[in-house]
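The values are calculated or read from the model by the stated rules, or taken from the named source; none is laboratory data. Since we're looking at a predicted model, the values are computed, not measured. In this analysis, Cβ positions are derived from the backbone assuming ideal geometry, glycine residues included, and neighbour counts consider all displayed protein chains. Note: areas computed on protein heavy atoms with side chains; ligands, DNA, RNA excluded. Shrake-Rupley method; radii C 1.70, N 1.55, O 1.52, S 1.80 Å.
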Amino acid sequence: MDIVMIGQNIARLRRMNNLTQEKLAEALKVSAPAVSRWENGRSLPDISLLPELATIFDCTIDHLLMAERKQDMICSVSQSTLEDIPVLSLAEQIINIMEGKNMIGMTNQSIMNAFSEKHGHLGDVSVIRNRSTRSEKNIINSITLKVNGREYHLLEKLLFGDMTELYRTKLLCDFGISIPIVYKIDFKEKNILLEDLSEDYICGREFDDDTSNGKIYREAYSDIISAAAQFHLSFWDNGNAFQQIGLPWHLQNEQNFRIHIEGMRHDLNTFLQLFPDKLSSQEIQCYTDALKLLEKDMPDVIKDRFHKGKNITIIQGDLNPSNVFVFKADHSNVKFIDMEAVRMGLPTEDLAMFLALHVEPGQDAIEYLKKYYVEISKKVKDYSIRDFLNDYMEAIMMTMFHPIGVVGVRMKIYDERMIKCAIKAYEVFVKNINLVYEMLEK
């Protein structure tokens, strides 16, 4: 699909209607950078925005998506095809045709073959295609397989552009990490077929809800921490895995990290401009002090730990509750999803994302930190409790900028709860680290 041509078309139509990128973004309730990405050919608008875009530009969706030389491609969508695949809108079908893809992703036969490879031949199998959702990064198709009267729920994810998630998922599968069952990864077609957890598991986005699911999930925190420990132990000081994944850019050398710090400082200043008077002077001081401590501490961590592969592991990278599912019937069964952020890191970075930013930023987190350390210590003998707490302190200082930079500056969202959690974790585990040492060593 020539997304550059579509971007140029959107830009042309916007200018014809005397709209700035900012005004168009405001009308669509998206960010101006999102509009810029469309027009530069770096991404596509979400499918749900196409009717509104067409209304704003006073044109058809076909005209919006396709330059003149592409118009004849609509004719290749036969009437019988449209009748056979009702779950896709016309606009989505056009997008898929322009990409040269099967309009529904994998064929039914491919899905059945992939399923049989995992479970063996199970007799009569039928494929039912349910909802299809689209974002700037992917299309996700919900699929039900009926096998001898029993239903199996699958997801097919078709990626646009970056295939990092596919490679990271393949690595985790090779190491037996607790993730949804992966039936097929197709690097050529940029798609993946995997287990849909939504029927039998509870997603962590309900962690704070006053519901039965929220209660079950909160009871599972200890099991989630244990699962994170096992995840990290699978890759602990594993040079072979590290070679496959490589160091993140900001950890490759001290110069890169200092550039990274300047980016964090810029995010903080931009956040304060976007959301004036939201942070107190004391809270702002926490962030500026964290930057100074990171500048002082992390160069040695990069040199002595990351460059030597010592007490370093591969982390999930975005271990927020929405990416952690627990089994409804037995919450000791924990699975992680969404692997595009998987990278080398301090083991405590996942803990800080899960605990400090979400479920337990204060002293009550100590019981979970103890549990994690006990699990790690069963196999790792040269990682002291002080080393572990120092890592958690560093991880909190890095992670506390997530609600400032990613959520605040890039998503234009003021997430008060997450920011308050980050500051509380900083005050407990960074400003009073010696007290925490004493409590943990008892």
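Looking at the structure I just gave you, is ASN240 open to solvent by 50 Å² or more (accessible area, probe 1.4 Å) and either part of a helix (DSSP H, G or I) or of a type in the set (Asp, Glu) (or both)? Here the answer is yes, as ASN240 does meet what is asked. The set of residues in the range 120-130 being in contact (Cβ under 8 Å) with a residue 40 or more places away in the chain and either buried (at least 18 other Cβ atoms within 10 Å of the Cβ) or small (Gly, Ala, Ser) (or both) consists of ARG129 alone. Criterion first (surrounded by 17 or more Cβ atoms within 10 Å (Cβ to Cβ), farther than 28 Å from ARG37 by Cα and either in contact with a strand residue (DSSP E or B) (Cβ under 7 Å, 6 or more places away or on another chain) or not charged (D, E, K, R) (or both)) does SER110 satisfy it? Yes; evaluated as a whole, the condition is true for this residue.
Candidates in the range 148-161 are the residues that are at pLDDT below 90 and more than 28 Å from ILE6 (Cβ to Cβ); of these, the one that is most open to solvent (accessible area, probe 1.4 Å) is ARG150. Just one of the listed residues (ARG205, ARG218) is in contact with a Ser or Thr (Cβ under 6 Å, 6 or more places away or on another chain) and touching a residue at least 40 places away in the same chain (Cβ under 8 Å), and it is ARG205. Just one residue in the set TYR183, TYR201, TYR152, TYR167 is among the aromatic types (Phe, Trp, Tyr) and more than 20 Å from PHE336 (Cβ to Cβ); that residue is TYR152.
Residue pairs whose Cβ atoms lie under 7 Å apart, sitting 6 or more positions apart in sequence or on different chains, and linking a residue in the range 342-358 that is under 13 Å from VAL301 (Cβ atoms) to a partner that is open to solvent by 10 Å² or more (accessible area, probe 1.4 Å) and hydroxyl-bearing (Ser, Thr, Tyr), are GLU349/THR399. Quick check, is VAL326 β-branched (Val, Ile, Thr) and either in contact with a strand residue (DSSP E or B) (Cβ under 7 Å, 6 or more places away or on another chain) or farther than 24 Å from TYR426 by Cβ (or both)? For VAL326, the condition - β-branched (Val, Ile, Thr) and either in contact with a strand residue (DSSP E or B) (Cβ under 7 Å, 6 or more places away or on another chain) or farther than 24 Å from TYR426 by Cβ (or both) - is met. Filtering the range 283-327 to residues that are exposed (fewer than 15 other Cβ atoms within 10 Å of the Cβ) and within 28 Å of GLN230 (Cα to Cα) leaves ASP297, ASP300, LYS303, ASP304, HIS307, LYS308, LYS310. When THR164, THR133, THR169, THR144 are checked against the criterion of being under 21 Å from the mean Cα position of the chain (by Cα) and open to solvent by less than 30 Å² (accessible area, probe 1.4 Å), a single residue qualifies: THR169.
Screening GLU416 with (1) over 28 Å from the mean Cα position of the chain (by Cα); (2) exposed (fewer than 14 other Cβ atoms within 10 Å of the Cβ) gives one miss only, at (1). In the condition set (1) in contact (Cβ under 8 Å) with a residue 60 or more places away in the chain; (2) outside any loop (DSSP other than H, G, I, E, B), PHE388 is compliant with all but (1).
Quick one: which residue in TYR372, TYR392, TYR368 is under 21 Å from SER226 (Cα atoms), open to solvent by 20 Å² or more (accessible area, probe 1.4 Å), aromatic (Phe, Trp, Tyr) and touching a helix residue (DSSP H, G or I) at 6+ places or on another chain (Cβ under 6 Å)?
TYR368
When restricted to residues that are under 22 Å from ILE315 (Cβ atoms) and assigned to a helix (DSSP H, G or I), the range 197-229 contains 12.
Checking each residue in the range 48-61 for being farther than 21 Å from ARG410 by Cα and open to solvent by less than 40 Å² (accessible area, probe 1.4 Å) picks out LEU50, LEU53, ALA54, PHE57, CYS59. In the range 421-438, the residues that are at negative phi form Cβ pairs under 6 Å with partners that are of a type in the set (Gly, Ala, Ser), at six or more places apart or across chains, as follows: LYS424/GLY362; ALA425/ALA356; VAL428/GLY362. Counting the residues of the range 172-196 that are part of a loop (DSSP other than H, G, I, E, B), open to solvent by less than 50 Å² (accessible area, probe 1.4 Å) and closer than 24 Å to ASP46 by Cα gives 1. Of the residues making up the range 292-322, those that are in a helix (DSSP H, G or I), within 27 Å of the chain's Cα centre (by Cα) and touching a residue at least 60 places away in the same chain (Cβ under 8 Å) number 5.
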